Amino acid sequence: MTSQAEKVETFHRLHAEGCFVIPNPWDVGTAVALERMGFEALATTSAGHAWSLARPDNGVRRDEALEHLRQITAAVDVPVNADFEHGFAREPDGVAVNVQLAAATGIAGLSIEDSTGDPGEPLYAFDLAVGRIRAARSAIDESGTGVLLTGRSEGFVVGRPDLEETLRRLQAYAEAGADCLYAPGIDTAEQVSAVVAAVAPKPVNLLANSPFTTVAEAAELGVRRISVGGTLARTAWAGFLAAAEEIATEGTFTRFTGLPNVNALFER
């Protein structure tokens, strides 16, 4: 089994040049399947994990998330980035404690976002948000793991699609110690180019949760990393729900054709 230090080294190298896809499994089986398909790194998805527990996104508790990270990282030899949501704490000190716990699970990377979960004030105030990233950076440094830190600004996800404010936050997160920057929800070439330029030379993660781009197009814009969030999980749920609905309403099983040999994925 590859050590955490080796995974961290590989993960940093992947961010140094080129563009790679980091798909998001939601359990051990999907993680192993993606690794065997040849993906060089993986990322957890808070939404996919929550749905597997019959909860909405952001419905997973900290200790459940930590155990999930331990299970995923132990199952694969490729680097795993943790979707660590808002750090499971509001104040920087709490974020630091939780980031140290996450770094001890075997992950190679970790993201901290600036969304609060409060519809009235969906983003942490600027100075607090920056302080949270700075605390995460310090916690990683103290852990000695070298885990790669991604700073996320969630404005386009939580109903605050202000590009200038997003750029301001991402630049501040980069200065506070984030190794990679991420603004989920941007979906035009102009927006992507603006983010890449604003935080250069640090790498940018792009969320591909609809067919608005391709790997080649994103690479041409300067994107280094592409993730899919919970969209692979939603794709699986779409097939499951459609087949179950047909059985429940029509009493037929027409979708049970052309199915993959799942056993073959794991017979090694």
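Scan region 219-268 for residues that are outside any loop (DSSP other than H, G, I, E, B), surrounded by 13 or more Cβ atoms within 10 Å (Cβ to Cβ) and under 17 Å from the mean Cα position of the chain (by Cα) and jot them down.
Selection gives R225, I226, S227, T231, L232, A233, R234.
Hey, does region 20-32 have a residue that's polar (S, T, N, Q), under 16 Å from the mean Cα position of the chain (by Cα) and part of a helix (DSSP H, G or I)? Show your work before the answer.
The initial filter retains those residues of region 20-32 that are polar (S, T, N, Q), namely 24, 30.
Among the residues that remain, those that are also under 16 Å from the mean Cα position of the chain (by Cα) are: 24, 30.
Next, only the ones that are part of a helix (DSSP H, G or I) stay: 30.
Looking for residues that are polar (S, T, N, Q), under 16 Å from the mean Cα position of the chain (by Cα) and part of a helix (DSSP H, G or I), one finds at least one in region 20-32, hence yes.
Scan region 103-110 and tell me whether some residue there is buried (at least 24 other Cβ atoms within 10 Å of the Cβ), polar (S, T, N, Q) and either touching a Leu at 6+ places or on another chain (Cβ under 9 Å) or assigned to a helix (DSSP H, G or I) (or both).
No - not one qualifying residue is present in region 103-110.
Can you tell me how many residues within region 111-123 are buried (at least 17 other Cβ atoms within 10 Å of the Cβ) and farther than 16 Å from G146 by Cβ?
The qualifying residues number 6.
Could you please let me know if L110 is of a type outside the set (K, R) and without any contact (Cβ under 8 Å) to a residue 40 or more places away in the chain?
Working: of a type outside the set (K, R): yes; without any contact (Cβ under 8 Å) to a residue 40 or more places away in the chain: no.
When the stated conditions are applied, L110 does not pass them.
How about region 203-218: which of its residues are within 22 Å of A16 (Cα to Cα) and surrounded by fewer than 19 Cβ atoms within 10 Å (Cβ to Cβ)?
T214, V215, A216, E217
Which is surrounded by fewer than 24 Cβ atoms within 10 Å (Cβ to Cβ) and of a type in the set (K, R), of R160, R152?
Values: R152 fails: surrounded by fewer than 24 Cβ atoms within 10 Å (Cβ to Cβ).
Only one candidate qualifies: R160.
Determine whether region 182-197 contains at least one residue that is under 17 Å from the mean Cα position of the chain (by Cα), surrounded by 19 or more Cβ atoms within 10 Å (Cβ to Cβ) and of a type in the set (D, E, K, R).
No - not one qualifying residue is present in region 182-197.
Return the residue satisfying two criteria in turn: it lies in region 33-49 and is of a type outside the set (S, T, Y) and in contact with a Phe, Trp or Tyr (Cβ under 9 Å, 6 or more places away or on another chain), and of such residues it is surrounded by the fewest Cβ atoms within 10 Å (Cβ to Cβ). Outline the logic, then answer.
So in region 33-49, the residues of a type outside the set (S, T, Y) come out as 33-43, 47-49.
Then drop every residue that is not in contact with a Phe, Trp or Tyr (Cβ under 9 Å, 6 or more places away or on another chain), which leaves 33, 36, 39-41, 47-49.
Working: A33: 17, R36: 12, F39: 17, E40: 14, A41: 24, A47: 23, G48: 24, H49: 25.
Among residues in region 33-49 that are of a type outside the set (S, T, Y) and in contact with a Phe, Trp or Tyr (Cβ under 9 Å, 6 or more places away or on another chain), the one surrounded by the fewest Cβ atoms within 10 Å (Cβ to Cβ) is R36.
Within region 165-207, restricting attention to residues that are of a type in the set (A, V, I, L, M) and in a loop (DSSP other than H, G, I, E, B), which residue is nearest to L149 (Cα to Cα)?
The initial filter retains those residues of region 165-207 that are of a type in the set (A, V, I, L, M), namely 167, 170, 172, 174, 176, 178, 181, 183, 186, 189, 192, 194-200, 204, 206-207.
Filter once more, keeping what is in a loop (DSSP other than H, G, I, E, B): 176, 178, 183, 186, 200.
Numbers: A176: 11, A178: 5, A183: 14, I186: 20, A200: 16 Å.
Out of the qualifying residues, it is A178.
Regarding I72, is this residue out of contact with any Cys (no Cβ under 8 Å at 6 or more places or on another chain), closer than 18 Å to L148 by Cα, in contact (Cβ under 8 Å) with a residue 60 or more places away in the chain and crowded, with 17+ Cβ neighbours inside 10 Å? Step through it out loud before you land on a result.
Details: out of contact with any Cys (no Cβ under 8 Å at 6 or more places or on another chain): yes; closer than 18 Å to L148 by Cα: yes; in contact (Cβ under 8 Å) with a residue 60 or more places away in the chain: no; crowded, with 17+ Cβ neighbours inside 10 Å: yes.
So I72 does not fit the description; no.
Before we move on, is I140 among the β-branched types (V, I, T) and either over 19 Å from T44 (Cβ atoms) or more than 16 Å from the chain's Cα centre (by Cα) (or both)?
Values: among the β-branched types (V, I, T): yes; either over 19 Å from T44 (Cβ atoms) or more than 16 Å from the chain's Cα centre (by Cα) (or both): yes.
Criteria met by I140.
Which of (1) over 30 Å from E267 (Cα atoms); (2) touching a strand residue (DSSP E or B) at 6+ places or on another chain (Cβ under 8 Å) does V78 not meet, given it meets every other one?
(1)
Laboratory data are not the source of any read-out in this text; all were calculated from the coordinates shown. Everything numeric here is computed off the predicted structure, so don't read it as measured data. Every residue, glycine among them, receives a Cβ derived from its backbone with ideal geometry; neighbour counts consider all protein chains shown.
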